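Here the structure is laid out as structure tokens; the discussion comes afterwards.
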Amino acid sequence: MVIPVLIGMTLIVFFILRLIPGNPAQLILGQRATKESLEALTSQLGLDQPWYIQYFSYMKGLFTGDIGTSIRTGAPISQEIWPFFIATIELSVVALLIAIVIGMNAGVISAWFQNSWFDYTAMVIALVGISMPIFWLGLMDQWFFSIDLGWLPSTGRENVRDPVTPITNFYLIDTLIQGDFSQLNVVVKHLILPACALGTISMAIIARITRSSMLEVMRSDYIRTAQAKGMRMFWVVYKHGLKNALIPVLTVIGMQMGILLGGAVLTETIFGWPGIGRYIYEAINFRDYPVIQTGILIVAAFFVLINLVVDLLYAAIDPRIKYH
Amino acid sequence: MKTNRLLFMLLGAFLLSMALVGCSKSGQDDQVDSTAKAGKKSFVFARGGDSVSLDPSEVTDSESENVSQSILETLVTFDEGKTTIAPLLATEWEEADNGLTYTFKLREGVKFQDGTDFNAEAVVYNFERWMNGKDAAKFPVYASAFRGFKGDETHNLQAVEAVDANTVKFTLKHVMPTFLKTLALTPFSISSPAAIDKYGEDYSGHPVGTGPFAFEEWKRNDRIVLNKNKEYWLEGYPKLDQVIFRTIGDNTARLNALMSGEIDMMDGVDPGNIQQIEADKNLQILSRPSLNIGYLGLTVTRKPFDNKLVRQALNYAIDKDEMIKAFFGGQAVAAKNPIPPAVEGYNDDVDAYPYDVKKAKELLAEAGYPNGFSMELWAMPVSRPYMPDANKVSVFLQSSFAKIGVKAKIVTYEWATYLEKTKAGEADSFLLGWTGANGDADDFIYSLWHKDNIGSLNSTQYSNDEVNELLTEARSVTDEGKRNELYQQVQEIMHDDAPIIPLVHTTPVLAARGDLIGFDPHPTGRVITTKIDFK
Amino acid sequence: MQEILNTQQFQQVKEVQEVHSPWLDLWRRFRKNKLAVVGLGIISFFVIVAIIAPLLAPEGINEQKLADRLQSPSADHWLGTDDFGRDILSRILYGTRISLWIGTFSVLGSIIVGSILGIVAGYYGRWVDTIISRLFDILLAFPSILLAIAIVTILGPSLSNALIAIAIINIPSFGRLIRSKVLSVKQEEYIMAAKSIGMGDFRILFHHVLPNSMAPVIVQGTLAIATSILEAAALGFLGLGAEAPNPEWGKMLSDSRQFITQAPWTMVSPGIAIMLVVIGFNLLGDGLRDALDPRMKH
């Protein structure tokens, strides 16, 4: 099922792109472009050919492992796209980890001490969290922590004057491999604000779903039995309770990862994060068709992959579920 | 048990991330490190968009050119702060045969960054590469400046020859008053022939020139890193060890980066921030002399703008000073002509349309629209030096027109679509502008208002026979005084015809850290890094 | 963004039991949920504000007074002024109309289109189902904000086009919901019975299938309004939503972004306004869900 979805996707993206008005040649050549140079560039880019020929040659490229060439920069996309993609993954993973750690614990404790002040506060915060425009939160964070207090850098993912030498392009891992802890510190500092902003919604959603899922489990018989047997409450909650409440939580986490990947555009814009969302957004503005096609395809493939992993995890957690 | 292991893995992930959050907290106290710890003097310039190519002969966009100017050099250049011609790779030159031949003496002892010699052969090699381009898409500026390529009927460059090792002679077919100014344009920068041969198609990613900085690394959409050219021919320069061009798409994000010391200089300052930057003692504002025009075009083929009185009426309806104060941060002068005052041939005798609502209403009534009319007002989706915030200007114009009963609906399209549609004459009225490349009046008026350019750059679709004749005549005259007179006449006529509402000549601003010195905010919008230093 | 989540949750939610006078019963259960009532209160407040905005607003939304640029909050201007000297309070009050309009109508649009596709897919099954379901899969695999951006780019940036884009990206979640409802209802005995007495497809759909799908659609619709408002604000912020000088909240944020240090009030109030409306819809949606799903009562 994965392959037809992805192929269908290339077709849809392709059609959407051809519907977008505006000739990329115009954007490449700018305001000073003359008619002749526009025509010449259009035909050089192959944009004057019928759509099915363009689509066919794109697909042929895909199957032979050629993911295309940016029409704006003329560089192969395979060379360009990787760092952006990894940058977004790194941001999303950190955002999600923050969301999971705080969100899940908040949810568990809220369920444990249902109707306590902690429960109320946590759930109000969670409600506010899912109701806030994240770009607004990002702006406010940026204003407060980096402009006003000067604690954290406001843009980018490294000190450009002293850049990280990329190995995997996951800068956290790269700096660790190189054993450069001052660089690691710089990288972490750059990550905090965007990751917190990006993770807020997920955190709130995870907290809410964990709480309601836990509440249900906590009422079940075997938890009562465990309690009655005199087990320490902490273990009852975290081991037995959480394990059984994990499935809906996992679903949400899987989905959030996909959403974070695609939804990072605004966060990346505000924090100047060189990620794939921003890369695709710029490509849309420049009508860089191959980059948009390939970029969206990669994000979508990743999304599909995550769903697959989540499905497999269900089966691992709950033997009753079988993956077909 | 399997599930237990999974749980422990998750727990491990929690702990790791906890540790990360924890260690980040502990590091929060020390200030963000702004200067390089390696002790290198590096300069970070941030702009809104990345370069398209590092071979300037291939491109027309200023983002690409601004980086190339540090790597490659032209034969001649512009004087500091002006558009008069100064020597660069050529030390002197001579015009002969009534302007049909030019002979350049080249600077001696200059080497390209790859160690090969710069000489007459290299210059000839570069020009031959361009004139044999045969592809307007490949060398667009060459094609438009010299009207095509070798073999084309219109091609204007007869020959480029090496007279001796350090002398080059250019022969033209027809007189070209803007020849020297053209050679000063960045697309005519001289590259190392050895590098062009070596990289072939990939040369645009590996530029090698004679400039003060050598290309090091290009991480697309993020940064371009240049290192000091230690063999640079100008004694004692450059002052910096490293120049980094960074792309930060968002204006406010860029300003934040400047305020927190992550970058040293930026362009594309939002007008609303100018005051704030001026008040900040750690920052400075640098403004370029104006070489541009921002205007509201009125498509003369569309009703009711086919009526001259309507066009004039709208001209009376705008309080430009108020607008400049509020939406250009004061960094502009009110315009009355289609060319800026710095350009030779500017007609200062033209009387600007004053802000006069009553007069505007009278004219509208005379034109047969006593109750006004409805129109579309197109606002550019992008920020340009001549119009940093088109969105706000359009809202201001809308309320100005409302006062004379003209109901304007603000419309916007994506940039490519916007340019295409305005060229096709589909807009009633549209915000647009122009930045002069070489500081010549021809570059403004002929490009934008000659009938030959209808369908291409003449978006107002304006055509006045008298203007057309005068402009064509000015192209064949080399006498400066005579040319200026012709352009002054054109401005008189255009003032009366009013195909546009000239709004502003902005002085495009850059913001930089306070201790930066040696930067020349050149009117052409170039970024010259040779003499930049920190106090 | 969480609409996908809600679909999933709903697929787990048990059938709603039809009791006599279901609406009254619903209201009784709803009323017990204090937070939900608060949510309803917030929304009612904003709806009233939207209706009587002209009466409440101290100034017109386009009254420019350049002399009063960027004034901080005062007795004259409770929320201060923006860089045109326009009263921010007035603009926020009028902006309520835009946000409610865009949220409600984009969701209505996606419900209508999603229902049609979902019913067709679920009822007719086979290859029709396959095609439509795959289409939903594809749309869901798209990064939704990028898809919205692409759609607005095609249609041209304007408020109504932003509405269309948001409606399109929400179609698959409603489509899937309806489809699964139709599939489960189709198996019910009374549908079989209706078929056997020769009832037409359309009558079966409208008399039996649709009413049975109403409850989850209402809940999810309410929650989707919340996300739609956020998405509209995001598009407005990117300059792809409302045209100037419309007082759309997202656009107000992006217009005053440059003044965040000089005039933070221009940034604070539109953000809070968005948040309040969205909280209202989220609370209401949660409350409706709890009321409709007896299992979730605590």
Inset, instruction - Using 0.36 nm per residue of separation minus the Cα-Cα distance, give me the extension gain between C:LEU24 and C:SER160 in nm, one decimal. - result: 45.3 nm
Inset, instruction - Would you list which aspartates and glutamates come within 13 Å of C:LYS186, measuring only between C-alpha atoms, while excluding same-chain residues fewer than 8 positions from it? - result: C:ASP201
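Segment B:68-172: percent of C-alpha pairs farther apart than 23 Å? Don't skip to the answer; put the middle values down first.
Working: 1731 of 5460 pairs.
Percentage above 23 Å: 32.
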Legend entry - Cβ-Cβ FRET estimate between B:VAL382 and B:LYS325, R0 fixed at 22 Å, reported to 0.05: 0.40
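Nearest 5 is fine: what % of DSSP beta bridges in the protein assembly as shown come out antiparallel, could you say?
On the way: 59 of 75 bridges.
Percent antiparallel among DSSP bridges in the protein assembly as shown is about 80.
Of all beta bridges DSSP finds with both residues in chain B, what is the antiparallel percent, to the nearest 5?
80
Given a cut-off of under 8 Å on Cα pairs at least six residues apart, what relative contact order in percent is computed for chain C? Mind dumping the intermediate values first?
On the way: 437 pairs, mean separation 80.3, N = 298.
For chain C, the relative contact order is 27 percent.
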Legend entry - segment A:2-63: equivalent-ellipsoid semi-axes (sqrt of 5 x gyration tensor eigenvalues, Cα, Å): 28, 12, 8
Inset, instruction - Just the ratio, please: alpha-carbon radius of gyration of segment A:82-317 over 2.2 N^0.38 Å, N its number of residues. - result: 1.13
Legend entry - Computed lengthening from A:GLN44 to A:ILE147, 0.36 nm per intervening residue step minus Cα-Cα distance: 32.4 nm
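Let me have the 222 nm mean residue ellipticity of the protein assembly as shown computed from DSSP H runs of 4+ only, each contributing -39500 (n - 2.57), with the sum over all residues rounded to the nearest 500. Can you show the working numbers first?
On the way: 43 runs with 603 residues, N = 1157.
Only helices count here, giving -17000 deg cm²/dmol.
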Inset, instruction - Report, in degrees rounded to the nearest 10, the 0 to 90 angle that the Cα long axis of helix A:289-317 makes with the longest principal axis of chain A. - result: 20
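Explain nothing, just the number: relative contact order of chain B, from Cα pairs under 8 Å at least 6 residues apart, as a whole percent. Intermediate results must be reported in sequence, preceding the final value.
Details: 1101 pairs, mean separation 100.0, N = 535.
Relative contact order, chain B: 19 percent.
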Inset, instruction - Determine, from the Cβ-Cβ distance of B:GLU80 and B:GLU231 and an R0 of 30 Å, the FRET efficiency 1/(1 + (r/R0)^6), rounded to the nearest 0.05. - result: 0.80
Legend entry - Of A:ILE81, A:ALA40, A:MET233, farthest towards positive along the dipole that unit charges on Lys, Arg, Asp, Glu beta carbons give chain A: A:MET233
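Return an integer: the convex hull volume of the alpha-carbon atoms of chain B, in Å³ per residue.
Working: hull volume 106.2 nm³, N = 535.
In chain B, the Cα hull volume divided by residue count equals 198 Å³.
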Inset, instruction - For B:VAL44, enumerate residues with amide H under 5 Å from its amide H, sequence gap 5+ or separate chain, H modeled in the peptide plane. - result: B:ILE244, B:ASP264, B:MET265
Legend entry - segment B:248-290 and segment B:148-225: distance between their alpha carbon centers, rounded to Å: 33
Inset, instruction - Once you have all Cα-Cα distances for segment A:122-245, histogram them in 5 Å bins from zero and send the whole-percent values. - result: 2, 10, 14, 12, 11, 11, 11, 11, 9, 6, 2, 1, 0
Legend entry - Cα-based helix-to-principal-axis angle, C:144-155 vs chain C, degrees rounded to 10: 70
Inset, instruction - Check each of the GluC sites (Glu not before Pro) in segment B:74-147 and keep only those in coil by DSSP with at most 14 other C-beta atoms within 10 angstrom; list them in order. - result: B:GLU80, B:GLU108
Inset, instruction - May I ask you to list the residues of segment B:160-204 whose amide nitrogen lies under 14 Å from a point 7 Å from Cα along the Cα→beta-carbon direction of B:ASN98? - result: B:172-177
Legend entry - Estimated vicinal HN-Hα couplings, Hz - segment B:74-88 in sequence order (Karplus 6.51, -1.76, 1.60; Gly, Pro = x): 9, 5, 10, 9, 9, 5, 4, x, 9, 10, 7, 8, 10, x, 9
Legend entry - Fully extended contour minus Cα-Cα distance, from B:ASP356 to B:THR478, at 0.36 nm per residue: 39.8 nm
Inset, instruction - Report ³J(HN,Hα) in whole Hz for each residue of segment A:267-282, in order, from the Karplus equation J = 6.51 cos²θ - 1.76 cosθ + 1.60 where θ = phi - 60°; Gly and Pro get x. - result: 4, 5, 5, 5, 9, x, 7, x, x, 6, x, 5, 4, 6, 4, 4
Legend entry - Surface/4 of the Cα convex hull for segment B:139-296, nm²: 14.6
Inset, instruction - For helix C:3-12, report the angle its Cα long axis makes with the longest principal axis of the Cα atoms of chain C; keep it between 0 and 90° and round to the nearest 10°. - result: 30
Inset, instruction - Just grab the label-to-label distance for B:ASN132 and C:ILE131, each label 7 Å out from Cα along the Cβ direction, in nm (one decimal). - result: 5.6
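Could the peptides A:99-107, B:524-532 be put in order, highest first, of the mean number of other beta-carbon atoms found within 10 Å of their residues? Provide the component values of the computation, followed by the final result.
Values: A:99-107: 24.4, B:524-532: 21.3.
Top to bottom by mean Cβ count within 10 Å: A:99-107, B:524-532.
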Inset, instruction - Could you state, as a whole-number percent, how many of the C-alpha pairs of segment B:296-410 are farther apart than 19 Å? - result: 50
Inset, instruction - For segment C:219-293 and segment C:102-124, write down the distance between their C-alpha centroids in whole Å. - result: 23
Inset, instruction - Please work out the average accessible area per residue across the protein assembly as shown, using the 1.4 Å probe convention, and give it in Å². - result: 39
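Give me the percent relative contact order of segment B:106-213, please, defined on Cα pairs under 8 angstrom at least 6 residues apart. Show your work: numbers first, answer last.
On the way: 133 pairs, mean separation 32.7, N = 108.
Relative contact order for segment B:106-213 comes out at 30 percent.
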Legend entry - Bins of 20 Å from zero: percent of alpha-carbon pairs in the protein assembly as shown: 11, 39, 35, 13, 3, 0
Inset, instruction - Let me know the mean shielding of B:255-261 by other chains, meaning the per-residue number of their Cβ atoms within 10 Å of its Cβ. - result: 6
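List the chymotrypsin sites (Phe, Trp or Tyr not before Pro) within segment B:462-535 that fall in a DSSP loop (any state other than H, G, I, E or B) and whose Cβ has at most 10 other Cβ atoms within 10 Å.
Working: sites: B:TYR462, B:TYR487, B:PHE519, B:PHE534; in loops: B:TYR462, B:PHE519.
Nothing satisfies the criteria.
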Legend entry - Longest to shortest principal axis, alpha-carbon extents of chain C, angstrom: 76, 45, 29
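What trypsin sites (Lys or Arg not before Pro) in segment A:127-226 are in a loop by DSSP, with at most 13 other Cβ atoms within 10 Å of the Cβ?
On the way: sites: A:ARG157, A:ARG161, A:LYS189, A:ARG208, A:ARG211, A:ARG219, A:ARG224; in loops: A:ARG157, A:ARG161, A:ARG219.
Answer by residue number: A:ARG219.
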Inset, instruction - May I ask for the distance between the Cα centers of segment B:497-520 and segment A:91-146, given as a whole number of Å? - result: 44
Inset, instruction - List the residues of segment B:410-432 whose accessible area drops by at least 10 Å² when all protein chains are present, compared with their chain alone, using a 1.4 Å probe and counting only protein heavy atoms. - result: B:ILE410, B:THR412, B:TYR413, B:GLU414, B:TRP415, B:ALA416, B:THR417, B:LEU419, B:GLU420, B:LYS423
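Taking each residue in B:267-274, count the Cβ atoms of any other chain within 10 Å of its Cβ, then average. What number comes out?
3
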Inset, instruction - Give the share of C-alpha pairs in each 5 angstrom bin for segment A:128-187, from 0 to the last occupied bin, in whole percents, shortest bins first. - result: 4, 17, 20, 16, 15, 15, 10, 4, 0
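The values are calculated or read from the model by the stated rules, or taken from the named source; none is laboratory data. The shown structure was predicted, so the numbers you read here are calculated from the model rather than taken from an experiment. Glycine also receives a Cβ, built like all others from the backbone with ideal geometry; neighbour counts cover every protein chain displayed. Ligands, DNA and RNA are excluded from the accessible area calculation, which covers all protein heavy atoms including side chains. Shrake-Rupley method; radii C 1.70, N 1.55, O 1.52, S 1.80 Å.
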